[in-house]
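Here the structure comes first, spelled out in C-alpha cells, and everything after it is commentary.
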Amino acid sequence: MSEALLKVDDLSISYASEEGPVQALRHATLEARAGEAIGIVGESGCGKSTLASALITLLAGNARVTSGSVQFGGRDILSVSEEEKRKLRGRHIAMIFQDPMTSFNPVLTIGEQLVDFQDQREGLSKPEKRQQAALMLKRVGISDPVRCLDRHVHELSGGMRQRAAIAAALLMAPQVLVADEPTTALDVTMEAQIIHLLRELRRDYNGAVVIVTHHLGVVGELCDRVYVMYAGEVVEEGSTDDVYHNPRHPYTQALIACDPANLHEQTPVLPTIPGRLPDLVNPPRGCSFAARCPRVHERCRSEGPDYVEVGPRHRARCHEARS
Amino acid sequence: MSGLYDVDNVSLDLAAPSAGLQRLLPGSAPRMTILSSLSLSIGHGEMLGLVGESGSGKSTLARAMMGLVDITDGKLSFEGRPLKGRADFVKVRQGAALMFQDAVASLSPRRKVAAQLIEPFQINGVPLPDGDRAPAVMLERVGLSSSLGQRYPHELSGGQARRVSVARALALKPKLVIADEPTAGLDVSVQAEILNLMTGLRSDMGLSFLIITHNLAVVRHVTDRVAVLYLGRMAEWGPTREVFARPYHPYTRSLIAAEPQADPRKRRPDLALKGEIPSVLARPSGCEFHTRCPIARPRCAVEEPESNMITPDRMVRCHFAEETRIETQGGNHGT
Ligand SMILES: Nc1ncnc2c1ncn2[C@@H]1O[C@H](COP(=O)(O)OP(=O)(O)OP(=O)(O)O)[C@@H](O)[C@H]1O
Ligand SMILES: Nc1ncnc2c1ncn2[C@@H]1O[C@H](COP(=O)(O)OP(=O)(O)O)[C@@H](O)[C@H]1O
Ligand code: SF4
Ligand code: SF4
Ligand SMILES: [Mg+2]
Ligand SMILES: [Mg+2]
C-alpha cells in the first residue's frame with residue numbers, strides 16, 4: 001500500500017468573529033495517498049471548505065490554526081513562509097473551485113493565463129508553454145483547444161469553464177489535486193461529464209485527489225475513501241463502499257437516508273434530519289450530534305466520543321458505533 | 001378536457017443578439033427559437049415535474065406562463081380561460097405564483113422579511129387578510145417562527161430563505177405554484193424539508209405545483225407526472241413512475257443514466273450523454289436531439305418527429321418510439 005502524500009493531523013481552525021472564535025474545524029485527521037481519491041462530505045457549514053483551504057494553505061485572513069498540522073513532503077506546510085506556500089500551490093498542490101470563474105481573470109484570455117500559470121516551469125519558451133496549454137485543454141475534452149486559448153472565460157459555457165479550470169489545475173502536474181464542490185454549479189449531464197473526466201484523468205495521474213462535496217452521488221462515482229464531517233469534526237471515515245453499505249455513525253446513516261436518490265420506493269414524505277448544526281462559537285461539550293441524534297443517551301451529552309474502529313481503515317466517532 | 005393551466009402549441013422567438021452573429025449565419029432571419037410548439041397541461045391538485053438540461057427553456061416557459069415574457073404563437077389558458085392580454089395575466093398572477101430560480105437573490109437584501117412577505121398584497125392592491133398578523137400567519141404556514149419576520153434575508157439559512165419564498169408565493173392563496181429549482185444548492189436534509197412542505201401544502205390546500213429541476217431523484221419522489229424538455233421542445237411526458245420505469249425517448253434514458261450514484265457498486269464506467277446542448281442559434285435540423293442521440297439514423301437529421309401519444313397518457317416525440325416501446329416491454333430501464 002502506498003504512503004500518504006498528504007496528512008492532516010489533529011487540525012483545528014478558528015475564525016475570529018464578533019461573537020468569539022468560530023471553531024470551524026476541530027481535531028480533524030485525514031490522509032490522502034498517491035493514486036487515491038478521497039471525498040469529504042457533510043452539510044453546508046460543517047467545515048469542508050475550511051479543511052480544503054488548509055490543504056492548499058489558503059486560509060482566510062481571520063483564520064487561526066489552534067492545533068495540529070498539514071504534513072506534505074516531510075514538513076508542516078501551514079507553518080512555512082508565504083513564499084514557500086505560493087510555490088507549493090503553483091506546483092505541488094492545486095485547487096478547483098465550485099465557481100470556475102474564480103480560477104480565471106475575466107480580462108485576460110484563457111491562453112494568456114494558462115501560460116502564466118506555468119511561470120514556475122523552467123526551460124520552456126512562451127510558444128512551448130502555449131503548446132502545453134493547448135495539449136492540456138485537449139486532454140480535458142475541449143474539442144477546439146487552439147480557439148479556446150484566445151477566448152475569455154465568460155465566452156465559455158459552464159461545463160467548458162469547469163474543464164478549463166481543471167486544465168489549469170493539472171498544468172503543473174501537481175501531486176495533490178483538491179476540488180471544492182467541482183460539479184455543484186452544473187446540471188446533471190455536465191456533472192456526469194466532469195465526473196467522467198476526473199475519473200479518466202485519474203487513470204494516468206498518480207497523485208492524490210481530494211473531492212469536497214455535499215453530494216453523495218459524486219463520492220459514490222469518484223472516491224475510494226470518504227470522510228464524513230459534522231460540525232467541524234470528521235465523524236466517520238472508511239472506504240466508500242463500507243461507509244455507504246455499512247455506515248456506523250448516526251449522522252452518516254441519516255445523510256444517506258434523506259437523499260431521495262437512495263430511496264428505491266417512491267415516497268411522498270422524505271426522511272429529514274430535524275434540528276440544526278450546533279453553534280460553532282460554543283460547540284456542545286459532549287457529542288456534537290447529540291441534539292439531533294435518534295440514538296442519543298445520557299453519556300453522549302457529557303462525554304464527547306472518541307474514534308471507534310469498526311473495520312479495517314473504517315472508524316466512527318460515536319459511543320454506539322459498534323452496536 | 002381542460003386542466004388548471006394549459007399550454008397549447010406555444011412557441012417563443014427572441015431577436016438574436018448582436019450583428020456579429022448575423023454575419024456567421026448568412027441569410028437567416030435574426031430570430032432565435034427558444035420554445036417551439038410546446039404543449040403541456042397541469043391538472044387541479046397535480047404535481048408536475050419539468051426536467052431538462054441547462055438552457056432547455058424551462059425558466060423561459062415558467063416566465064411565459066406568468067406573462068413575464070410574450071409568446072410568439074400558440075395559446076395559454078388558466079382555469080379554462082384563454083390568456084390574451086395584460087389584463088388576463090394580472091389575474092393569473094393572483095391565481096398562480098412563481099418562485100424564482102434563485103430564491104435568496106430574489107429577496108431584497110435591505111428589507112426585513114416581514115415587509116417582503118406582504119409585498120404581493122401591495123403590488124396587487126389586495127387588503128391584508130390578517131391585518132398586522134399577516135406576516136406571522138404566513139411564516140407559520142411554512143413552519144417558520146414568526147420572529148423571523150424581523151430579520152434581514154442574509155440572516156437566514158439557505159433553507160429558511162427558501163421557506164420564506166414559499167410563504168411569499170402562497171400569499172395570494174394561489175391555485176398553482178411554479179417552483180423553479182426550489183431545492184438547488186440545499187443540503188439533502190433541508191431539501192427533504194422543503195419538498196415535504198410542498199407535498200403537505202398540496203394535500204392540505206389542494207395546490208398544484210409545477211416543479212422545475214435538474215434533480216431527477218426529486219422528480220421521481222414528489223411528482224405525479226413528468227415532462228422532459230430538450231432545446232425548447234417537449235421530448236416526452238407521462239406518469240412519473242412509468243417514465244422512470246420505462247423511458248421511451250433516448251434523451252430521457254440518457255438523463256436518467258447520467259444521475260450520479262451514491263452506491264459505488266453502481267458506478268457507470270461509460271458516459272450516457274456526450275457533448276453539450278446545442279445553441280438556440282444553431283438549432284439542429286430534423287430532430288433537434290440527433291446530434292447527440294445514441295440511436296439516431298439518417299432520417300432523424302432531415303425529418304422532425306411528430307408528437308406521438310403512445311398510450312393515452314404518454315407522449316413521446318421520436319421517430320422510433322414505437323420500436324423502443326416494444327423493446328422495453330416488461331424490461332426495466334429505471335434505477
Ligand atoms: N432574454 C433572453 N435573451 C436571449 N436569450 C435568452 C433569453 N432568455 C432565455 N434565453 C435563451 O433561451 C434558452 C433557454 O433559457 P432558460 O433560462 O429558459 O433555460 P433553463 O432550462 O431554465 O436553464 P437552467 O437549467 O440553466 O435554468 C437559453 O439558450 C438561453 O440562453
Ligand atoms: N472567513 C470566515 N469568517 C468567519 N467564519 C467563517 C469564515 N469562513 C467560514 N466560516 C464559518 O466556519 C464554518 C465552516 O465553514 P465552511 O468551511 O465554509 O463549511 P462548508 O464548506 O462545509 O460549508 C461555518 O460556520 C462558517 O460560517
Ligand atoms: S455519541 Fe451518542 S449522540 Fe453522538 S452520534 Fe453516537 S449515539 Fe448519537
Ligand atoms: S427522432 Fe431520431 S434523433 Fe430524435 S430522439 Fe428519436 S432516434 Fe434520436
Ligand atoms: Mg464550502
Ligand atoms: Mg432556469
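The values are calculated or read from the model by the stated rules, or taken from the named source; none is laboratory data. This is a predicted model, so every value here is computed, not measured. Please note: Cβ atoms are built from the backbone with ideal geometry, for glycine as well, and neighbour counts cover all protein chains shown. These accessible areas exclude ligands, DNA and RNA; they are computed on the full protein's heavy atoms, side chains included. Shrake-Rupley method; radii C 1.70, N 1.55, O 1.52, S 1.80 Å.
Values for this structure:
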| item | result |
| --- | --- |
| Which numbered condition A:H214 misses (of (1) farther than 20 Å from A:A28 by Cβ; (2) at the interface with another protein chain (Cβ under 9 Å from one of its Cβ atoms); (3) modelled with pLDDT under 95; (4) in contact with a helix residue (DSSP H, G or I) (Cβ under 8 Å, 6 or more places away or on another chain)) | (1) |
| Region A:32-66, residues that are open to solvent by less than 30 Å² (accessible area, probe 1.4 Å), in a strand (DSSP E or B) and closer than 24 Å to A:H314 by Cα | A:A32, A:A37, A:I38, A:G39, A:I40, A:V41 |
| Among (1) over 30 Å from A:H196 (Cα atoms); (2) within 14 Å of ligand 2 (Cβ to nearest atom), the one test that A:E43 misses | (1) |
| Pick from region B:188-204, criterion open to solvent by 20 Å² or more (accessible area, probe 1.4 Å) and closer than 16 Å to B:A161 by Cβ, ranking: nearest to the other protein chains (Cβ to nearest Cβ) | B:E193 |
| Among the residues listed as A:R86, A:R121, A:R75, the single one being charged (D, E, K, R) and either modelled with pLDDT under 90 or touching a Phe, Trp or Tyr at 6+ places or on another chain (Cβ under 9 Å) (or both) | A:R121 |
| Residues (without any contact (Cβ under 8 Å) to a residue 24 or more places away in the chain and within 30 Å of B:L216 (Cβ to Cβ)) located in region A:274-290 | A:P274, A:G275, A:R276 |
| Test: residue in region A:90-112 that is outside any loop (DSSP other than H, G, I, E, B), crowded, with 18+ Cβ neighbours inside 10 Å and over 24 Å from the mean Cα position of the chain (by Cα) | yes |
| Cross-chain or 6+ apart pairs with Cβ under 6 Å, region A:188-202 first and buried (at least 19 other Cβ atoms within 10 Å of the Cβ), then in a helix (DSSP H, G or I) and among the acidic types (D, E) | A:I195/A:E221 |
| Residues of region A:101-136 satisfying the condition of being without any contact (Cβ under 8 Å) to a residue 12 or more places away in the chain and among the small types (G, A, S) | A:G123, A:S125 |
| B:R283, sole failed condition from (1) within 14 Å of chain A (Cβ to nearest Cβ); (2) in contact (Cβ under 8 Å) with a residue 24 or more places away in the chain; (3) within 16 Å of ligand 1 (Cβ to nearest atom) | (1) |
| Residue identified as open to solvent by less than 10 Å² (accessible area, probe 1.4 Å) and away from every other protein chain (no Cβ under 11 Å) among A:A173, A:A167 | A:A167 |
| Counted residues, region B:110-160 - those being part of a loop (DSSP other than H, G, I, E, B), under 23 Å from B:A184 (Cβ atoms) and not hydrophobic (A, V, I, L, M, F, W, C) | 4 |
| One residue from A:I40, A:I13 being within 14 Å of the chain's Cα centre (by Cα), under 28 Å from A:H215 (Cβ atoms) and in contact (Cβ under 8 Å) with a residue 12 or more places away in the chain | A:I40 |
| Filter pass, A:L177 being aliphatic (A, V, I, L, M) and closer than 21 Å to B:G275 by Cβ | no |
| Qualifying positions in region A:288-310 - within 24 Å of the chain's Cα centre (by Cα) and open to solvent by less than 40 Å² (accessible area, probe 1.4 Å) | A:S288, A:F289, A:V308 |
| Whichever residue in region A:178-187 is open to solvent by 10 Å² or more (accessible area, probe 1.4 Å) and farther than 20 Å from B:L271 by Cα and, among such residues, is farthest from the chain's Cα centre (by Cα) | A:E181 |
| Number of the exception - A:N282 against (1) away from ligand 2 (no atom under 16 Å from the Cβ); (2) open to solvent by 80 Å² or more (accessible area, probe 1.4 Å) | (1) |
| Qualifying residue in region B:60-77 (condition: open to solvent by 50 Å² or more (accessible area, probe 1.4 Å), assigned to a helix (DSSP H, G or I), away from ligand 2 (no atom under 16 Å from the Cβ) and out of contact with any helix residue (DSSP H, G or I) (no Cβ under 6 Å at 6 or more places or on another chain)) | yes |
| Criterion violated by A:L277 - all others in (1) away from ligand 5 (no atom under 16 Å from the Cβ); (2) within 12 Å of another protein chain (Cβ to nearest Cβ) satisfied | (1) |
| Failed condition for A:Y227, given (1) more than 16 Å from ligand 6 (Cβ to nearest atom); (2) surrounded by fewer than 23 Cβ atoms within 10 Å (Cβ to Cβ) | (2) |
| Residue check for B:A87: out of contact with any His (no Cβ under 8 Å at 6 or more places or on another chain) and buried (at least 19 other Cβ atoms within 10 Å of the Cβ) | no |
| B:L48, sole failed condition from (1) at pLDDT below 95; (2) within 16 Å of ligand 1 (Cβ to nearest atom); (3) within 15 Å of B:L4 (Cα to Cα) | (1) |
| Per-region count, region B:240-279, residues within 11 Å of chain A (Cβ to nearest Cβ), in contact with a Lys or Arg (Cβ under 6 Å, 6 or more places away or on another chain) and closer than 17 Å to B:R317 by Cβ | 0 |
| Members of region A:129-153 found to be part of a helix (DSSP H, G or I) and open to solvent by 40 Å² or more (accessible area, probe 1.4 Å), listed by number | A:R130, A:Q131, A:Q132, A:L135, A:K138, A:R139, A:V146, A:R147 |
| Odd one out for A:H245 among (1) open to solvent by 40 Å² or more (accessible area, probe 1.4 Å); (2) within 13 Å of chain B (Cβ to nearest Cβ); (3) touching a residue at least 24 places away in the same chain (Cβ under 8 Å) | (3) |
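Here is a yes/no grid of residues against (1) touching a Lys or Arg at 6+ places or on another chain (Cβ under 8 Å); (2) more than 10 Å from chain B (Cβ to nearest Cβ); (3) within 29 Å of A:D10 (Cβ to Cβ):
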residue	(1), (2), (3)
A:G220	yes, no, yes
A:E236	yes, yes, yes
A:H249	yes, yes, yes
A:V269	no, no, no
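Yes or no, residue by residue, for (1) on the phi > 0 side of the Ramachandran plot; (2) open to solvent by 30 Å² or more (accessible area, probe 1.4 Å); (3) without any contact (Cβ under 8 Å) to a residue 12 or more places away in the chain:
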{"site": "B:I212", "(1), (2), (3)": "no, no, no"}
{"site": "B:Y230", "(1), (2), (3)": "no, no, no"}
{"site": "B:P247", "(1), (2), (3)": "no, no, no"}
{"site": "B:R253", "(1), (2), (3)": "no, yes, no"}
{"site": "B:A257", "(1), (2), (3)": "no, no, no"}
{"site": "B:D263", "(1), (2), (3)": "no, no, yes"}
{"site": "B:P269", "(1), (2), (3)": "no, yes, yes"}
{"site": "B:A272", "(1), (2), (3)": "no, yes, no"}
